[in-house]
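One structure is given here, and the rest of the page talks about it.
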Amino acid sequence: MKTCFCTIGRKADSLESALDTAVHCGFQGVEIWGKEPHISERFDAERIARVRGAISDRGLAPLALGSYVGSLRNGLPVEIANGREAISIAKALGAPIIRVWAGHQSPENMPTKLLGEVVKFFKWFAPAAADEGLILAVERHEQTSTESIVGALQLFKEVAHPALRLNFQMR
């Protein structure tokens, strides 16, 4: 097992500074925050190569891409396109895990239609990621369907795919 520094912890800093912090603190790998200034949310082969080089040059491993895919704020077609981008970025980074979100409302407030779209999305995304050798780690986070253990269990039961895992974040 490798310890992993999430660069979002240094989101106001450059990626290089965040990576230097990971090295200084003794981490073996990093979850790259999936937003600027650390990496683009859109596939850019040259940029990803530079990020991968910066990680490698410091002796770190790219353990995860910290994406925001799965919120479904902009609807299912947009989220599927975002999912495809995240798969391409994670593959190019060499990161075996994509951190994802499950909707944008807590389970007790989530409309049935949105919950259905979240399930439909992950029934597409989990096999698509698995086909590329990737794992999806659903963030347990407030204002998502995995905010509660009941909501998380419901999602995992309905999607029922081994590539879908839970990233349990403490409050």
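For the stretch 8-20, 3J(HN,Hα) computed residue by residue from phi via the Karplus equation (6.51, -1.76, 1.60; θ = phi - 60°) reads 4, x, 10, 5, 7, 9, 5, 4, 4, 5, 4, 5, 4 Hz, glycine and proline entered as x.
For the stretch 7-42, the set of trypsin sites (Lys or Arg not before Pro) satisfying both a DSSP loop assignment and a count of at most 15 other C-beta atoms within 10 Å is given as 11, 35, 42. Among 123-132, 44-53, the peptide with the highest mean count of other Cβ atoms within 10 Å heads the list, and the full ranking is 123-132, 44-53. What the phi angles of the stretch 163-168 give under the Karplus curve with 6.51, -1.76 and 1.60, with θ = phi - 60°, is a coupling list of 7, 9, 10, 10, 9, 7 Hz, glycine and proline written as x. Between residue 40 and residue 150, the contour length at 0.36 nm per residue exceeds the Cα-Cα span by 36.3 nm.
Extension gain, residue 28 to residue 106, is 24.7 nm, computed as 0.36 nm per intervening residue step minus the present C-alpha separation.
Computed from label points 7 Å out along Cα-Cβ, the spacing between residue 160 and residue 14 is 5.1 nm.
Under Stokes-Einstein, with the Kirkwood radius over Cα pairs standing in for Rh, what whole-number D in µm²/s applies to the stretch 13-171 at 10 °C and 1.306 mPa s? Result for D is 100 µm²/s.
Accessible surface of the chain, 1.4 Å probe: 55 percent of it comes from carbon and sulfur atoms.
The values are calculated or read from the model by the stated rules, or taken from the named source; none is laboratory data. No experiment lies behind these values; they were computed from the predicted model shown. Positions of Cβ are generated from backbone atoms using ideal geometry, with glycine treated the same way; all protein chains shown enter the neighbour counts. Remember, those area values only see protein heavy atoms, side chains included, never the ligands or the DNA or RNA. Shrake-Rupley method; radii C 1.70, N 1.55, O 1.52, S 1.80 Å.
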